[in-house]
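The values are calculated or read from the model by the stated rules, or taken from the named source; none is laboratory data. Quick caveat, the model's predicted, so the values are computed rather than measured. Positions of Cβ are backbone-derived with ideal geometry, glycine not excepted, and every protein chain shown enters the neighbour counts. Side chains included, ligands, DNA and RNA excluded: accessible areas come from the protein's heavy atoms. Shrake-Rupley method; radii C 1.70, N 1.55, O 1.52, S 1.80 Å.
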Amino acid sequence: MSTKYDCGHHENPRKKLYRRLLAFSLGLILLILLIILITWLILRPTKPHFTLQDVTVYAFNLSSPNLLTTTLQITLTTHNPNGKVGIYYDKLHVYASYHSQQITLPTLLPDTYQQQKDDTVWSPFVYGIAVPIPPYVAVNMNQDQSVGTVVVNVRVDGRVRWRVGTFVSRNYHLNVNCPAYIGRKLNIINNNGLDQVGTAGVKYQLVMDCHVDV
């Protein structure tokens, strides 16, 4: 009588099938990721173009001791220059600053999806009530007003995602800086704290290109 011994060389057919299915699944996933990567490298999405169209000043008053009250309505447009890539804008906040000092509270813009070659327009209000500013900033503001122009920076901070077909990228930080030249039409600075603008406001047609970092 002869006895057969199992030396472990004969693998269970079910285990072999599972192993082949796992290898096939991993290969398929790697192939899909490779296709997405190649498509991404070929398309190379271009960052959006932001333009500051106009600013309407309803209040911009400096009172003692160095308290600034600001009410602005801002019209911003953004253009998606990509022919095959859509853009998601998430949690965008817009605010105004002067000499790197934030002078208004941030206003949240609605989350937006932008199609290829499409344009989006936002017209938010930004407010700052009796915001304390450093004395040297107040001095600079008075000097700018004496020259005739005050440069306020409109800033946008948030996130963007790129969409290629059904693929959506991770979040990328978006930072936008738009210079707004105001002050030629009104006496903005008033140390008595009185509103020199009036309820109708003063509108500045600017059409200024913005600096965009993504």
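Summary table
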quantity	calculated
Filter result for the condition that a residue is open to solvent by 50 Å² or more (accessible area, probe 1.4 Å) and within 22 Å of Lys203 (Cα to Cα), over Arg170, Arg155, Arg159	Arg155
Some residue of the range 18-31 being open to solvent by 20 Å² or more (accessible area, probe 1.4 Å), among the polar types (S, T, N, Q) and assigned to a strand (DSSP E or B)	no
Residue count for the range 76-106, restricted to those that are among the β-branched types (Val, Ile, Thr), in a strand (DSSP E or B) and crowded, with 18+ Cβ neighbours inside 10 Å	3
Number of positions in the range 180-206 that are modelled with pLDDT of 90 or more and open to solvent by 30 Å² or more (accessible area, probe 1.4 Å)	1
Enumeration of residues in the range 138-169 that are assigned to a helix (DSSP H, G or I) and within 24 Å of Asp54 (Cα to Cα)	Asn140, Met141, Asn142, Gln143, Asp144, Gln145, Ser146, Val147
Some residue of the range 55-65 being open to solvent by 90 Å² or more (accessible area, probe 1.4 Å) and within 16 Å of the chain's Cα centre (by Cα)	no
Checking Leu52 against (1) closer than 28 Å to Val164 by Cα; (2) over 13 Å from the mean Cα position of the chain (by Cα); (3) open to solvent by 10 Å² or more (accessible area, probe 1.4 Å), the condition it does not meet	(3)
Single residue of the range 66-75 satisfying the filter (of a type in the set (Val, Ile, Thr) and either open to solvent by 20 Å² or more (accessible area, probe 1.4 Å) or more than 13 Å from Ala96 (Cα to Cα) (or both)) that is farthest from the chain's Cα centre (by Cα)	Thr69
